[in-house]
């Protein structure tokens, strides 16, 4: 009987040790599985796609001005640079006016005077707008008013340019006449709304000549 109890006791001890061993083995395996799983995780990294911004192509504009004697100049505009063909003077004034407009008629002697004073550096290009005067009457008007500068007669093209330039100046299409814009070496310099004293315009022309070292 004692022997039997002794054998049972020994057997139970072995079984207990084996269970602990198996338990430890399982825990160890679980740890190994956990450690092995970490490197195998797939980490998704969102990389924003590179989008190339399309380069904007600069717009080009072209306007043709001609007078009664079939003299003409083409204005080409690109990147806010105004290039006038057939005009050698570095300063160009575009003047919008109408023959029926009293302030416009009052400005004519001053523009003629400025054209004469600065003929080497200044070219005045006037454009008729909202004016249905005939060619014959315009010829008489030019003689009577002693106009000494270029008058563009193509009203359709003149209005087309007026519609282009007025928004750039922050003006509406109903801006008062005359409207005069001064360009120096192809770039906008200043503009005048309504009738302006000759001395003021002359002062700006001299300032432009000095700034750009034009002699």
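Scanning region 119-140 for residues that are over 21 Å from residue 173 (Cβ atoms) and buried (at least 17 other Cβ atoms within 10 Å of the Cβ) yields 121, 122, 123, 124, 138. Take the conditions at pLDDT 95 or above and crowded, with 19+ Cβ neighbours inside 10 Å and apply them to residue 189. Does it pass? Criteria not met by residue 189. The residue pairs whose first member lies in region 160-175 and is assigned by TED's automatic domain parsing to the domain that holds residue 103, whose second member is in a loop (DSSP other than H, G, I, E, B), and whose beta carbons are closer than 7 Å, counting only pairs six or more residues apart or on different chains, are 162/129; 163/173; 166/172; 166/173; 166/175. Of the residues making up region 86-106, just one is part of a helix (DSSP H, G or I), touching a residue at least 60 places away in the same chain (Cβ under 8 Å) and either touching a strand residue (DSSP E or B) at 6+ places or on another chain (Cβ under 7 Å) or over 22 Å from residue 203 (Cβ atoms) (or both), namely 104.
The values are calculated or read from the model by the stated rules, or taken from the named source; none is laboratory data. Fair warning: this is a prediction, and the values are worked out from it, not measured in the lab. Note: ideal-geometry Cβ built from the backbone for every residue, glycine included; neighbour counts use all protein chains shown.
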